Amino acid sequence: MRVGIAGGGIAGLTLAWLLAESHEVLLLEERPRLGGNAESVLTTADGSTRVVDLGVRETPVEMSPVWRHIVASVGVPAEDLVPVTASRVLFRRHERVPLWVSAAEGADTARPVTTGGPAHQAMARFARESARWEREGMSWDVPLEDALDAWSLSSSSQQLLCALPASLHGCTLDEVCTLSARAVGATFTPPDTVPRTTYLRSGTTSLVQGLVAGSRPVRLRPGAGLRAVRQVEEGFELSDGTGAVHPVDAVALALPADQALAALTGLAGTGAWRAALNSIAYREVTYVLHRDPYGMPRDRRVWSAGNTTLDGDRSETTTWYGPSLGVDLFVSQVGHRAGRPREELARSSFRATLPTPQACRARQRLGVIEEGQRLLFLGHCTTPVETQEAAMTSALAVAHHLAPRSARLLRLRNYLEGG
């Protein structure tokens, strides 16, 4: 079967890798580089070269079995998976005392961890409720404001709960209340735990490179994004940005929703899909790599892997690479906070989705795969929570539909089933 994949992010590349041994695959990507939100840059610190991620920066390995298997399968060395703590601090600009400080390493007795009071109680309750929503499979349709109404929270506690998701999705604190409660809750961990995560020493682009290297038969065309899909007898024709036309038997759209919508304009029988795609909205978030402690608390004792500043109706986060790389390198969101880092080493912008109940319903619709279906969606269009694990899992579903007996798919399924 000839399969055309539009979108060279982690979802599209994972699908290409899964199908490479069984199908004739073409992958179209708008940008000149592959990887989507996986973007690494080289810089120097303390006389050594370091790899820093501007986009996806961490993966909770214990919750990412698909990611873990694929990382190993494409040749990323086990020693490149570096476990670190995902400590957090939230504070208001110009205020010396933070609103909330998470635990870090157990031996760090100097860190003034928040262990009580309204802020800690609100975070603990939200973590408990989020775990229950996930455990009970609560509908993605319930907005956060409905879930919080019965809690009688102070405005300060509600802002605290909304700060992290507002930073993650590039929206205001008030807009967070209109998002899916279950989607927002997926970002929370109990405040008394020390969350662990993993970064790739060689950067997330090492995963991209591994997927590309393992997809040798695939025709990869960066700089040639999909423009239109046209039905032709039993198959399709894909027109790309260079003017080339590619005949295929099946199409997998691993694109942002608005780009997928534009490509399907005029294609008969896609009205319901186009309506769903039109329900998914994005915000642009810009990240800057720098060496000065812009966006960090004044008190170094509370410096954390994630440092979120509340400033008016917005919040933005600075990631400190001290816990993972052992050096003072920082990646900051910029756009709404006052001031800027003194020296930009690198900059990149990414599009974050707004997981509203409407968008979550749309993604559920787009993720349904029916027997004989040959136009399919994955990645941004189907995942209510944006992680590399979710992107890869969406590719797994499409691969199972198109090539249920492919060797790589069978090995992955055997691994997930513990065989």
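What follows draws every value from the coordinates through simple rules; no lab data is involved. These numbers come from a predicted model, not from an experiment. A quick note on method: Cβ atoms are made from the backbone with ideal geometry, for glycine too, and the neighbour counts reach across all protein chains shown.
For the chain, what does the helix formula give at 222 nm: sum of -39500 (n - 2.57) over DSSP H segments with n ≥ 4, over the residue count, nearest 500 deg cm²/dmol? Display every interim value, and only then the final one.
Values: 14 runs with 132 residues, N = 419.
-9000 deg cm²/dmol, from helical runs alone.
If amide H atoms are built 1.01 Å from N in the plane of the peptide, which residues on other chains or at least 5 residues away come under 5 Å of the amide H of Val25?
Val3, Arg219
Please list, in chain and number order, the residues 5+ apart from Leu375 or on another chain whose amide H is under 5 Å from its amide H, with Hs placed from the backbone.
Close amide H contacts, sequence-distant or interchain: Val251.
How would you rank Ser279, Ser87, going from fewest to most other Cβ atoms within 10 Å of each one's own Cβ?
Ser279, Ser87
If you add up the charges near Gly214, with Lys and Arg at +1 and Asp and Glu at -1, over every other residue whose beta carbon is less than 15 angstrom from its beta carbon, what do you get?
On the way: positive: Arg216, Arg219, Arg408, Arg411; negative: Glu21.
After counting each charged neighbour, the total is +3.
Using Cα atoms only, what is the angle between the long axis of helix 10-19 and the major principal axis of the chain, expressed in degrees (0 to 90) to the nearest 10?
40 degrees
Applying the Karplus parametrisation 6.51 cos²θ - 1.76 cosθ + 1.60 with θ = phi - 60° to the phi angles of segment 149-164, what ³J(HN,Hα) value in whole Hz is obtained for each residue in order, glycine and proline being reported as x?
Result, rounded to whole Hz: 3, 7, 8, 6, 7, 6, 4, 5, 5, 5, 4, 4, 5, 8, 5, 5.
May I ask you to derive the relative contact order of the chain, considering only C-alpha pairs under 8 Å and at least 6 residues apart, and to give it as an integer percent?
So the answer I get is 25 percent.
Taking the 0 to 90 degree range and rounding to the nearest ten, how far is the long axis of helix 117-136 tilted relative to the main principal axis of the chain, both from C-alpha atoms?
So the inclination is approximately 20 degrees.
Consider just the alpha-carbon atoms of segment 62-185 and return their Rg together with their Dmax, both in angstrom.
17.3, 51
Would you please give the residues with an amide H less than 5 Å from that of Arg92, counting only those at least 5 places away or on a separate chain, with H modeled from the backbone geometry?
Here Leu99, Leu310 satisfy the definition.
Pick out which of Leu161, Leu148, Leu179 has the largest mean-square fluctuation in a Gaussian network model of the chain, springs linking Cα atoms closer than 10 Å.
It is Leu148.
Translational D (Stokes-Einstein, µm²/s) of the chain at 4 °C and 1.567 mPa s when Rh comes from the Kirkwood sum over C-alpha pairs?
58 µm²/s
For segment 388-419, list residues with backbone N below 17 Å from a point placed 7 Å from the Cα of Arg283 toward its Cβ?
Answer for segment 388-419: none.
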